[in-house]
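The structure appears right after this line, and notes come after that.
The values are calculated or read from the model by the stated rules, or taken from the named source; none is laboratory data. Given the structure is predicted, the values throughout are model-derived calculations rather than measurements. FYI the Cβ positions are ideal-geometry reconstructions off the backbone, even for glycines, and counts take in every protein chain you see. Remember, those area values only see protein heavy atoms, side chains included, never the ligands or the DNA or RNA. Shrake-Rupley method; radii C 1.70, N 1.55, O 1.52, S 1.80 Å.
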Number of protein chains: 2
Amino acid sequence: MNKVIFYHAGCPVCVSAEKDILKLIPENQVEVIHLGEDKTKIIDAEKKGVQSVPALVLSSGNVLHINFGASIEDLK
Amino acid sequence: MNKVIFYHAGCPVCVSAEKDILKLIPENQVEVIHLGEDKTKIIDAEKKGVQSVPALVLSSGNVLHINFGASIEDLK
């Protein structure tokens, strides 16, 4: 089964959302990627349709943008 | 245990997010409220901090606004 990917950038909105998400979804089903620390993954995230963080990319390919921490453009 | 409340208004963004959310969270832990059909609950949702739908209100009181379907003001 494909994992859900949670993209974030370490901002307060992201960290708060991450805690909430990891309470809802079993931790072994979520891959957490910190785009602020790993900028090589930004292109990947964009290709998946991520426009802002925090965001959750589902195995279906759907992207759930959760609240608003930062635009992906601002992370580059 | 308090349930998570998923507020939506039947718009395409909401319906798509609802399907995704219900795949991630066990259905018996989520209460789904359609604010378009039950306008008396709009005030309730606002008090909980919901600013737009679809949104997920967690048992912690945190509100996760997911993508953007409609502003709560527009539902009134």
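Residue count for the stretch B:35-60 satisfying the condition of being out of contact with any helix residue (DSSP H, G or I) (no Cβ under 9 Å at 6 or more places or on another chain) and more than 13 Å from every other protein chain (Cβ to nearest Cβ): 8. The set of residues in the stretch A:35-44 that are free of Cβ contacts under 8 Å to residues at least 40 places away in the same chain and open to solvent by less than 30 Å² (accessible area, probe 1.4 Å) contains only A:42. How about the stretch A:35-50: which of its residues are part of a loop (DSSP other than H, G, I, E, B) and β-branched (Val, Ile, Thr)? Listed by number, the list holds a single entry, A:50. Candidates are the residues of the stretch A:11-34 that are more than 9 Å from chain B (Cβ to nearest Cβ) and assigned to a helix (DSSP H, G or I); the one that is surrounded by the most Cβ atoms within 10 Å (Cβ to Cβ) is A:14. Among residues of the stretch B:61-76 that are facing chain A (nearest Cβ under 8 Å), those with a Cβ under 6 angstrom from a residue that is open to solvent by 20 Å² or more (accessible area, probe 1.4 Å) and assigned to a strand (DSSP E or B), sequence gap 6+ or separate chain, pair up as B:65/A:67; B:67/A:65.
Of all the numbered requirements in (1) within 11 Å of chain A (Cβ to nearest Cβ); (2) open to solvent by 10 Å² or more (accessible area, probe 1.4 Å); (3) in contact with a Cys (Cβ under 6 Å, 6 or more places away or on another chain), residue B:8 misses one, and that requirement is (1).
If you go through the stretch B:52-76 and keep only what is closer than 24 Å to residue A:71 by Cβ and either small (Gly, Ala, Ser) or within 10 Å of the chain's Cα centre (by Cα) (or both), you end up with B:52, B:53, B:54, B:55, B:56, B:63, B:64, B:65, B:66, B:69, B:70, B:71.
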